[in-house]
1. Exposed (fewer than 10 other Cβ atoms within 10 Å of the Cβ) and in a helix (DSSP H, G or I) - does that describe any residue in the stretch 11-24?
2. So Cys90 ticks every box in (1) surrounded by fewer than 11 Cβ atoms within 10 Å (Cβ to Cβ); (2) at pLDDT below 90 but one. Which box is left unticked?
3. Out of all the residues in the stretch 57-74, is one or more exposed (fewer than 10 other Cβ atoms within 10 Å of the Cβ) and either modelled with pLDDT under 95 or assigned to a helix (DSSP H, G or I) (or both)?
Amino acid sequence: MQEFKSPVSRLARLFQKGRDNWKEKALLKQKKIRALEIKVRDLLDSREEWKNRALMAESKLKELNIEGDLDEKRGNSSRSRNHKSYGIKCEGSSL
């Protein structure tokens, strides 16, 4: 403590204040990191859920298209109509 000219009590108060400020900043950063980790986890879960929904819808669409193609081959084309703007087969639809 010889290199400092200020009284020891003042130095102790300044050092303690600096340490307290550092701890407060560190806690705030830890809370922010935790919140961002939770957000990333939730977004990954949501992305996976939407990916699964899209894959299921895609497979269902393929299945419906296959059924529509089979109906047309069997001569039941009057039952299914082709929705031209999307290429979707709709059973009994008036589209």
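The values are calculated or read from the model by the stated rules, or taken from the named source; none is laboratory data. All values derive from a computational prediction rather than experimental measurement. Counting neighbours? That spans all protein chains shown, and the Cβs are built from the backbone with ideal geometry, glycine included.
1. No.
2. (1)
3. Yes, the stretch 57-74 has at least one match.
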